[in-house]
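S.K.: Before I ask anything, let me first share the structure, which is written out below as structure tokens.
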Amino acid sequence: MTSPDLILGTAMWAWTTPKETCFQLLDHFYEAGFREVDAATNYPLNNDTAQFRAAENILLEWIQINGVQDLKVMMKVGSLTNVRTPDNNLSKSFLLMMLDEYLHLFGSNLDTFMIHWDNRSEKNEIRATLEALATAQKKGLQIGLSGLKFPNIYDQLNASFGFDFRIQIKHNLLQSTYSHYDAFHGKAKFITYGINAGGIKLDQNYHEQSSLKVRGGNTQEEPKIISALRNKIKAQNEKLAEQPITNFNQCGMTYAFHSPDIDGILLGSSKVTQLDASLQFYQSLKKGSYQAFYKALKKLHEDV
């Protein structure tokens with residue numbers, strides 16, 4: 001069984017993460033041998049229309065400056081705004097237009113073409129969307145889905161296309177959409193985002209630019225799971241694991257790493273020190289030292 005890959009996320013770029021830091025994150029990630037980067041037309045989702053597509057432009061600038069040709073960019077398309085509304089266009093003509101644009105912009109660095117948010121239930125409309133994805137696949141790209149309201153319809157129609165879908169899901173100790181995609185269990189490659197549940201910290205020490213705070217999360221009240229989680233961490237660390245558990249991010253990575261069908265784990269690091277810590281812990285996870293801790297986390301999640 002292969003380990004899930006790590007994927008560098010860009011959702012906070014040009015929002016809480018300035019361009020200089022984004023470049024540093026990309027430098028460190030790339031130099032460490034990792035290549036997958038997740039992007040979306042509407043990043044950052046900060047309600048500032050002037051920054052629509054700002055995150056992808058930072059990524060493009062870094063690629064051009066460094067002459068990189070071997071990234072694996074996962075581009076989510078369809079959204080028409082970054083003001084957190086479901087406005088999108090998943091018509092065949094629009095998707096083909098975006099496909100041509102992103103092939104032109106990213107070239108060999110474009111790896112996955114993924115639709116972003118679909119609340120539709122009309123089969124003919126969805127079939128046309130899949131026809132556009134078929135064109136992307138013929139051009140050598142992997143095909144992906146994110147934010148589907150009716151995944152069963154996609155599964156039914158896929159009988160005519162045979163896509164090996166990559167599917168992004170929110171998956172953390174507080175909530176998971178994995179069960180929503182039960183039609184694809186054992187068939188699709190799932191990619192987890194939100195492993196930190198929006199930016200939860202075990203010490204509850206949130207600064208003004210903390211992800212949880214800027215996203216409008218509750219930083220005043222500790223989630224009920226935290227007290228029980230501290231006990232699980234204490235028990236794990238008493239077993240003298242190779243690397244002790246010290247933060248919520250490590251818990252989220254462990255939970256995602258060992259969950260079924262997971263092919264990739266998105267990292268939302270906003271500092272190089274955070275990214276480096278995640279890369280180091282990933283190596284410990286690959287050695288198989290945390291399976292018992294995962295089982296404890298899984299039970300904790302089920303009891304929430």
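S.K.: Among the residues of the stretch 234-280, write down those that are buried (at least 21 other Cβ atoms within 10 Å of the Cβ), among the hydrophobic types (A, V, I, L, M, F, W, C) and part of a helix (DSSP H, G or I).
M.R.: Listed by number, the residues that qualify are PHE248, CYS251, MET253, ALA256, PHE257, LEU275.
S.K.: One residue is enough: does the stretch 110-120 have a residue meeting the conditions among the β-branched types (Val, Ile, Thr) and farther than 20 Å from GLN168 by Cβ?
M.R.: Looking through the stretch 110-120, none of the residues is among the β-branched types (Val, Ile, Thr) and farther than 20 Å from GLN168 by Cβ.
S.K.: Only one of (1) assigned to a loop (DSSP other than H, G, I, E, B); (2) touching a strand residue (DSSP E or B) at 6+ places or on another chain (Cβ under 7 Å); (3) without any contact (Cβ under 8 Å) to a residue 40 or more places away in the chain is not met by THR81, so which one is it?
M.R.: (2) is the only condition that THR81 fails.
S.K.: Pick from the stretch 87-112 the residues that are part of a helix (DSSP H, G or I) and of a type in the set (D, E, K, R): which of them is nearest to LEU148 (Cα to Cα)?
M.R.: Only one residue tops the list, namely LYS92.
S.K.: Looking for whichever is more than 27 Å from ARG84 (Cβ to Cβ) and among the charged types (D, E, K, R) here; the options are LYS139, LYS170, LYS201. Which one fits?
M.R.: From the options LYS139, LYS170, LYS201, the qualifying one is LYS139.
S.K.: List every residue pair whose Cβ atoms sit under 8 Å apart, with the two residues 6 or more apart in sequence or on different chains, where the first one lies in the stretch 1-20 and is surrounded by fewer than 20 Cβ atoms within 10 Å (Cβ to Cβ) and the second, anywhere, is of a type outside the set (A, V, I, L, M) and assigned to a strand (DSSP E or B).
M.R.: The qualifying pairs are ASP5/GLU36; ASP5/ASP263; ASP5/GLY264; LYS19/TRP13.
S.K.: Take the residues in the stretch 141-177 that are closer than 16 Å to LYS189 by Cβ and aliphatic (A, V, I, L, M); name whichever of them is nearest to the chain's Cα centre (by Cα).
M.R.: It comes out as ILE169.
S.K.: Here is a list of conditions, (1) among the aliphatic types (A, V, I, L, M); (2) part of a helix (DSSP H, G or I); (3) under 21 Å from SER146 (Cα atoms), and ALA11 meets all of them except one; can you say which number that is?
M.R.: Checking ALA11 against (1) among the aliphatic types (A, V, I, L, M); (2) part of a helix (DSSP H, G or I); (3) under 21 Å from SER146 (Cα atoms), the one that fails is (2).
S.K.: May I ask you to verify whether LYS213 is at pLDDT 85 or above and basic (Lys, Arg)?
M.R.: Considered against the rule, which asks whether it is at pLDDT 85 or above and basic (Lys, Arg), LYS213 comes out as no.
S.K.: Just checking, which of PHE281, PHE257, PHE248, PHE293 is at pLDDT below 95 and within 21 Å of THR10 (Cα to Cα)? Write out each step before concluding.
M.R.: On the way: PHE281 fails: at pLDDT below 95; PHE257 fails: at pLDDT below 95; PHE293 fails: within 21 Å of THR10 (Cα to Cα).
PHE248 is the lone residue from the list that is at pLDDT below 95 and within 21 Å of THR10 (Cα to Cα).
S.K.: If you take the residues in the stretch 43-81 that are within 19 Å of ARG166 (Cβ to Cβ) and either modelled with pLDDT under 95 or of a type in the set (D, E, K, R) (or both), which one is nearest to the chain's Cα centre (by Cα)? Spell out how you get there, then give the answer.
M.R.: Applying the first criterion (within 19 Å of ARG166 (Cβ to Cβ)) to the stretch 43-81 yields 43, 56, 59, 70-79.
Adding the requirement that they be either modelled with pLDDT under 95 or of a type in the set (D, E, K, R) (or both) leaves 56, 70, 72, 76, 79.
On the way: GLU56: 15, ASP70: 20, LYS72: 14, LYS76: 11, SER79: 16 Å.
Among them, the one singled out is LYS76.
S.K.: When the residues of the stretch 21-35 are filtered to those that are in a loop (DSSP other than H, G, I, E, B) and in contact (Cβ under 8 Å) with a residue 40 or more places away in the chain, which remaining residue is farthest from GLN274 (Cα to Cα)?
M.R.: Residue satisfying both the conditions and the ranking: PHE34.
S.K.: Give me the pairs: first residue in the stretch 242-266 and touching a residue at least 24 places away in the same chain (Cβ under 8 Å), second residue of a type in the set (Asp, Glu), beta-carbon distance under 6 Å, and six or more apart or on different chains, which are they?
M.R.: These pairs meet every condition: GLY264/ASP5; LEU266/ASP38.
The values are calculated or read from the model by the stated rules, or taken from the named source; none is laboratory data. It should be emphasised that the depicted structure is a prediction, and the values quoted were computed from it without experimental measurement. Positions of Cβ are backbone-derived with ideal geometry, glycine not excepted, and every protein chain shown enters the neighbour counts.
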